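The values are calculated or read from the model by the stated rules, or taken from the named source; none is laboratory data. No experiment lies behind these values; they were computed from the predicted model shown. A quick note on method: Cβ atoms are made from the backbone with ideal geometry, for glycine too, and the neighbour counts reach across all protein chains shown.
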């Protein structure tokens, strides 16, 4: 007779998402981004996070995985794809560019003011918190 074993769901789920793996360091960067990254821009925060996450992967602390934050930001801001990267999408949004039919050449050729950089950083942190809450809710629902 075949015995069927019940496989219990794990008590905790550990999603290996870059933006969440970097959450603790991101919260430290939030107060003084220029001190941590050299300048107060979303691009510098993105570069710092990428380097930090690659160090985690290279040292076997986490494994590499697909990052849903890119697509999540794209959907949230109305972009049809996420290939420009979350930092560029958020910055363009904060500069007042419409997501529909966006010309990245125009965006990249436009001078960004200090206020726009600061606005994009602030909005990025709002999005990170929202993303984190959604992921936690999904994990919580999965465990029930």
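Hey, can you tell me all the residues within region 81-98 that are within 15 Å of residue 71 (Cβ to Cβ) and surrounded by 15 or more Cβ atoms within 10 Å (Cβ to Cβ)? Full working, then the answer.
To start, the set of residues in region 81-98 that are within 15 Å of residue 71 (Cβ to Cβ) comprises 81-90.
Within region 81-98, 82, 84, 85, 86, 87, 88, 89, 90 meet the criteria.
Table: residues versus (1) surrounded by fewer than 19 Cβ atoms within 10 Å (Cβ to Cβ); (2) over 26 Å from residue 140 (Cβ atoms); (3) at pLDDT 95 or above.
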| site | (1), (2), (3) |
| --- | --- |
| 19 | no, no, no |
| 24 | yes, no, no |
| 43 | yes, yes, yes |
| 61 | yes, no, no |
| 64 | yes, no, no |
| 107 | yes, yes, yes |
